[in-house]
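The values are calculated or read from the model by the stated rules, or taken from the named source; none is laboratory data. A quick note: this is a predicted structure, and the numbers were derived from the prediction, not measured. All Cβ positions, even for glycine, are placed from backbone atoms using ideal geometry, and neighbour counts span all protein chains on display. What goes into the accessible areas is simple: the full protein's heavy atoms, side chains included, and nothing from ligands, DNA or RNA. Shrake-Rupley method; radii C 1.70, N 1.55, O 1.52, S 1.80 Å.
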There are 2 protein chains.
Amino acid sequence: MKQKKKLQVTFYPENKTVKVREGENLLRAAMAAGVHINASCGGAGTCGKCVVKIDSGEVISQITEKLSKEDLDEGNRLACISSVVSDLSVSIPVESLLDKSVLQRKPKKSTSFILETEELNKLVPKCKTDSVVVKLYIELTKPSPDNNMSDLDRLSLALKKRYEIDLPSTDFAVIKKMSKILREADWKVTATIVLTSRGSKLINIQPGDTTDKNYSIVIDVGTTSVYCEILNVCEGIPIAESSDYNSQISYGEDVITRIIYSQKKDGLETLQQRIVHTINSIIRELLDQSGIDKENVTHLVAAGNTTMTQILLGLDPKYIREAPYIPVANFLPPVRAASLGIDIQNSAYLYTFPVISSYVGGDITSGVLGSGMFLRDELTLYIDIGTNGEMVLGNKDWLVTTSCSAGPAFEGGGVKYGMRATKGAIEQIRISPGEYEPMILVIGNVKPKGICGSAMIDVVAELLEVGPIDQNGKFYPEIDTPRVREGDSGYEYVLAWADESQLSSDITINEVDIENLIRTKAAIYSWCVVLLNNVGLTFRDVDKFIIAGGFGHYIDVERGINIGLLPEIDTKKFTLIGNGSLLGARLVSLSRNMLTEASRVARMMTNIELSNNKMFMDEYISAMFLPHTDLSTFKKTMKRLEGLWEKNKQNNVK
Amino acid sequence: MKQKKKLQVTFYPENKTVKVREGENLLRAAMAAGVHINASCGGAGTCGKCVVKIDSGEVISQITEKLSKEDLDEGNRLACISSVVSDLSVSIPVESLLDKSVLQRKPKKSTSFILETEELNKLVPKCKTDSVVVKLYIELTKPSPDNNMSDLDRLSLALKKRYEIDLPSTDFAVIKKMSKILREADWKVTATIVLTSRGSKLINIQPGDTTDKNYSIVIDVGTTSVYCEILNVCEGIPIAESSDYNSQISYGEDVITRIIYSQKKDGLETLQQRIVHTINSIIRELLDQSGIDKENVTHLVAAGNTTMTQILLGLDPKYIREAPYIPVANFLPPVRAASLGIDIQNSAYLYTFPVISSYVGGDITSGVLGSGMFLRDELTLYIDIGTNGEMVLGNKDWLVTTSCSAGPAFEGGGVKYGMRATKGAIEQIRISPGEYEPMILVIGNVKPKGICGSAMIDVVAELLEVGPIDQNGKFYPEIDTPRVREGDSGYEYVLAWADESQLSSDITINEVDIENLIRTKAAIYSWCVVLLNNVGLTFRDVDKFIIAGGFGHYIDVERGINIGLLPEIDTKKFTLIGNGSLLGARLVSLSRNMLTEASRVARMMTNIELSNNKMFMDEYISAMFLPHTDLSTFKKTMKRLEGLWEKNKQNNVK
């Protein structure tokens, strides 16, 4: 994940320019530029509809039977199977442009971005040079009859003299192998040392100079998915990333069912083994990808909710679920990763993020850290959207937090063709006014087999904008397109026809699906209102609105506002940080100052229990509308929507 | 090993009184009083010669066929199978008194004693109240919706509030079981906490109040034998003791052969498993004896030489044996005992004593600590006599140390019938002038099968005093007794006839045996001279002469002087402390101040390498005589010996 070049792509005849990373898919670049290209196979290269012409610059394309040699010689390519490798001028043929009105949309806001390492470093400038685990090269004086101090004293004194490090303790495994390594390496070794506020600890010794090989692995232990990165600690940059399902899923979809399973005979052991199995398979992939020797992984940092953290460490989560909902510990000591079964060298410790309560976990501490909100003067509202929504409100002086049950719509639950954001999921969608034809992007550039959370927002927002549904989320039955029809669960919209999908049936979204999405968005929105109200504030007071969650990568802020998931505030105030937990874990793995800050942040955070709050139900019911029943809070949105509706009506009349 | 009552035993007609502990063997009491009773079976109750009459008081005797009902009714008992259970008056019949001159000997010096706990406490007054591992009872407030902090925070805060203890770390195993125990014990628990200079660590949690159950196990890991005690940490007293051979013996008798074996395939693992096996069997016995639950053993302390310490911890001892003789570490961190295979609860740590060099080990640090010499103004010479002799000279301001190869004579090596001080070994001996008949005491009160180190000193001193040998250790062939005769290795003295022994042959001591003993005593004596000389001192400057070693329990200081093993200085200056290592280990297990002191003492000690010292050989050759060729250094001894010889001559002439 080294920093890639930014390239400029201009689409003609619309003359829309967008900056993308080297290697970006050309269809995605068009989506980002707000340029509509017909594409119904989701980027699988099978429908052949997304032909574009490369006027200047270079793309790398896959071979396809959809284009003849002549087509290719003329510079025609299928956008969905082409990667941007230089600045480009691209012409879109008329047949790929169904409706001009799509082009009038604004390009994706630049406020919707994933924080990059440089930005993080700007946020948290101290993170580079003070990793919690350092490697120090040292050449020792050889022992002689006049200088016959013990091996450990020799090493300790040398470290003190050379690096001013007092070694109060040494890992026993180092003591065991030290004498042999010192002599075999001719007294030239690299010491791996953990630096903590309570003194330093020698945890490994390696022959020769390996100081440039100091890697960490950071892990976001999600209830559904596990994301890992391997980082170069010296340079402070991610090297490789990978993820997988948490294989505990077969024992329950959410934390409650996992806790219940953990109370069965050998249940906790089984769940612990499953998550370790998942982590091990990801680590193996990371090491394979990066070619890094696991001997040089010096430490691991994991962030997860309280239940996931406790199960990973083999701590019974029983009391998380029983009133008054007590976690085992807020601050868990670092644990030797190998002792948990993690397949890594014995000297590496796993650090976990402090948890706030049974229902506000280390993933939130990590997210707050990764977002930098704890350093800023501005009032920030941080939300992490998943099956549970977690919210943190505050600034550098105070932080309050709460969690709500958002419902599973954003993770693919309660939606007929809903699925997690993995290969085959529709992740972005645009619908052309008038024809109501969709432009879809599918994760993995394959035929679609379902729709993920962020695309649910897209599709509801689009259906609302271009006309097929009303503000209650119900279809207008009179709408004139074969894509809107009556199904088993009320009216539905066809996102992809069976022959364009991986399924034997059409992929649709129906009124029940939309209702579930409305419930979820209403819960999150009203929970934020109640949290703000609890400290005497409203959305107007929020300076910065940070959205995290794997989900948060793709969310379109404007569409989020359009459906009333997000409040109608200046879109510049929104920041999408993607996987916030992983960002925080990254920082901690690079900086022992950040490790200390994580504890400070956790102590700063006050958990507010809103589950019995009387205001919530009123707010929730008001929010069960698109965008909201209280139109005064969504004035601009309503004005825009009404403008669009009027225009669509005129177009249709024409 | 609770303190037993001291009882007074008076032997008639000699009117000699001795104080002994309740339960003492009556024959031993007589030996201690300097009263001769004929006894040739070594206390097995088989020869029937040691008949005594109990005039008043009570003894417990074993049944024997050697005494009739009438004998018993008259108060006659066999001394060797009787235990003192009250103050006694005992008459010794004429037939049990072979020679009156034996009685003229002084009773055993009161300077020859084993330090008792009270004395130790006087020496080291701080040891009682500040154990390195404490148990604290605490009742916690139960969690509620208004007070829902995590279990660990709840416990930590309560400990801080109640006992002013800041907990910087918690053992992970405690975190694992804490939640369950807290609830099952209704929030009333006992916390086991290690207190160190670097902060405290919670290592165990038990339901209810177990604060009065805090036990430690201390271990002297000898090359030959392993001694253990279990101590009540709260009261600072030993509860039970036991010992066994170090089962590594089958892989070599001394540290060098053990190191060589450790270099074979799986050699180190095998040796480590052997010593752990030995320790486990002793611990099992201690727990059985004392009825103590191993869950309440909170810590262990081991003292051993550098090689034994390293092997116990699984640290390769290879470089101890290769110039320039480097140990792995002088200060080894405490290790979880269970991780070494020691069968004790998982939370208990094993502390080892700091070593000074490859050849001056933690047993010496421990001995110096146990002897209290590091606290005193007086110049002390501490010697630990074994196969290697270790010496420490100094006071509270400075300590120098060296080690010498003493030869194996005191451990039963190089002596035809020599054996270790175990069951069946003659441990004390007196020889009657004129008849040259022996009075022997055998360990375990069984028939003898050999002679141990301390009895070697006795027998050589007695033979010299009563006449059969000259000052070169050679027998006068003309001596008139069947017990002196010519054998395969020159002349020899019969200690026990075959029918009085466990062997099929007579047990003898011959001129080669005596020469080996002379070599050993000469080495130790002259090594002390050289060490003193090295710092510009002589024996005259020594205020206190401490003798340690399992061996040291039995050594008779006067006889040690008579043969020239010990210098001719005021016998009041000698102190026998028995197993010095175990004493020091006891202190450390009771007092964290002593743990700190152990490190300070180790740092204070300067190791002096005397192996190439030119003075040594001259001193050694001078000392190869009984007591010494330089008679000016043994004036009083010579005067006494000459007086005895004159008297014996007259008696024999009479």
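Which residues, if any, in the stretch A:306-340 lose at least 40 square angstrom of accessible heavy-atom surface (probe 1.4 Å) when the other protein chains sit next to their chain rather than the chain being alone?
Going by heavy-atom accessible area, the residues of the stretch A:306-340 that drop by at least 40 Å² are A:LEU315, A:TYR319, A:PRO324, A:ILE326, A:VAL328, A:ASN330, A:PRO333.
Long-range amide H contacts for A:GLU427: which residues qualify at under 5 Å (H placed 1.01 Å from N, peptide plane, sequence gap of 5 or more or a different chain)?
A:LEU441, A:VAL442, A:ILE443
All other residues with a Cβ under 9 Å from the Cβ of A:ASP513 taken together, and with Lys, Arg as +1 and Asp, Glu as -1, what is their net charge?
-2
Short version: which residues of the stretch A:143-174 lose at least 40 Å² of accessible area, all chains versus chain alone, 1.4 Å probe?
A:ASN148, A:SER150, A:PHE172
Taking both sides together, what accessible area is buried at the B/A interface, probe 1.4 Å, expressed in Å² and rounded to the nearest 100?
Numbers: alone 27180 and 27060 Å², together 51350 Å².
Summed over both sides, the interface buries about 2900 Å².
Tell me, what ³J(HN,Hα) does each residue in the stretch A:145-154 have, in order and in whole Hz, if you take phi through Karplus 6.51 cos²θ - 1.76 cosθ + 1.60 with θ = phi - 60° and put x for Gly and Pro?
x, 8, 9, 10, 5, 5, 4, 5, 4, 4
What residues have an amide H closer than 5 Å to that of A:LEU576, excluding those fewer than 5 places away on the same chain, when H is modeled at 1.01 Å from N in the peptide plane?
Here A:PHE113, A:ILE547 satisfy the definition.
Which of the aspartates and glutamates could a cross-linker bridge to A:LYS5, judged by Cα under 17 Å and excluding same-chain residues fewer than eight apart?
A:GLU22, A:GLU24, A:GLU58, A:ASP87, A:GLU116, A:GLU118, A:GLU119
Return the subset of A:LYS49/A:LYS447; B:LYS416/B:LYS447; B:LYS6/B:LYS447 for which the Cα-Cα distance in this structure is over 22 Å, preserving the input order.
In this structure, B:LYS6/B:LYS447 lie more than 22 Å apart at Cα.
Report the per residue volume, in Å³, of the convex hull enclosing the C-alpha atoms of the protein assembly as shown.
Spread over its residues, the Cα hull of the protein assembly as shown gives 207 Å³ apiece.
Quick one: plug the Kirkwood hydrodynamic radius of the stretch B:410-517 (C-alpha pairs) into Stokes-Einstein at 4 °C, 1.567 mPa s, and report D in µm²/s.
97
Output ³J(HN,Hα) for the stretch A:178-186: one whole-Hz value per residue in order, computed from phi by the Karplus curve 6.51 cos²θ - 1.76 cosθ + 1.60 with θ = phi - 60°, and x for Gly and Pro.
Couplings: 3, 4, 5, 5, 4, 6, 5, 8, 6 Hz.
Taking the alpha-carbon distance from A:LYS294 and a cut-off under 19 Å, which lysines remain once sequence neighbours fewer than 8 residues away in the same chain are dropped?
A:LYS135, A:LYS177, A:LYS213
Roll a 1.4 Å probe over the protein chains and send me the accessible area per residue for the protein assembly as shown in Å².
Per residue, the protein assembly as shown has an accessible area of 39 Å².
Calculate what fraction, in whole %, of the accessible area of the stretch B:215-352 sits on carbon and sulfur atoms when a 1.4 Å probe is rolled over the protein chains. If you can, show how the numbers build up before the last one.
Numbers: 2200 of 4710 Å².
Carbon and sulfur together cover 47 percent of it.
So which of B:LYS142/B:LYS201; A:LYS474/A:LYS636; A:LYS160/A:LYS180; B:LYS572/B:LYS614 end up more than 29 Å apart by C-alpha?
Over 29 Å apart, Cα to Cα: B:LYS572/B:LYS614.
As a test question: what accessible area, to the nearest 10 Å², does A:MET605 have when a 1.4 Å probe is rolled over all protein chains in place?
For A:MET605, the solvent-accessible surface is approximately 10 Å².
How many percent of the accessible area of the stretch A:496-575 is carbon or sulfur, using a 1.4 Å probe? Before the final figure, lay out the partial values.
Numbers: 1120 of 2530 Å².
Here it works out to 44 percent.
Shortest first, in nm, what separates the label point of B:THR270 from those of the same position in the other copies (7 Å along Cα→Cβ)?
The projected label point of B:THR270 is separated from its counterparts by 4.5 nm.
Which entries in the list B:LYS16/B:LYS573; B:LYS53/B:LYS649; A:LYS521/A:LYS635 go over 23 Å, if you measure between the two C-alpha atoms of each?
B:LYS16/B:LYS573; B:LYS53/B:LYS649
Rounded to two decimal places and with Rh computed the Kirkwood way over Cα pairs, what is Rg over Rh for chain B? Could the numbers behind the result be given before it?
Working: Rg = 27.0 Å, Rh = 26.6 Å.
Ratio value, two decimals: 1.01.
For the stretch B:190-235, list whatever residues lose no less than 40 Å² of accessible surface once every protein chain is in place, relative to that chain by itself, with the probe at 1.4 Å.
B:ARG198
For the stretch B:367-455, with all protein chains present and a 1.4 Å probe, just round the carbon and sulfur fraction of the accessible area to a whole percent.
Working: 1030 of 2270 Å².
Carbon and sulfur: 45 percent of the exposed surface of the stretch B:367-455.
For B:ILE165, list long-range residues whose amide hydrogen, built 1.01 Å from N in the peptide plane, is under 5 Å from its own amide hydrogen.
Sorted by chain and number, the residues that satisfy this are B:LYS160.
What accessible area, in Å² to the nearest ten, does a 1.4 Å probe give for B:ILE518?
10
Could you give each residue of the stretch A:472-484 its phi-based ³J(HN,Hα) in whole Hz, using Karplus coefficients 6.51, -1.76, 1.60 with θ = phi - 60°, and x for Gly or Pro?
The phi angles translate into 8, x, 9, 6, 7, x, 7, 4, 9, 7, x, 6, 9 Hz.
What 222 nm value per residue comes from the helices of chain B, counting each DSSP H run with n ≥ 4 as -39,500 (n - 2.57) and dividing by all residues, nearest 500 deg cm²/dmol?
-9000 deg cm²/dmol
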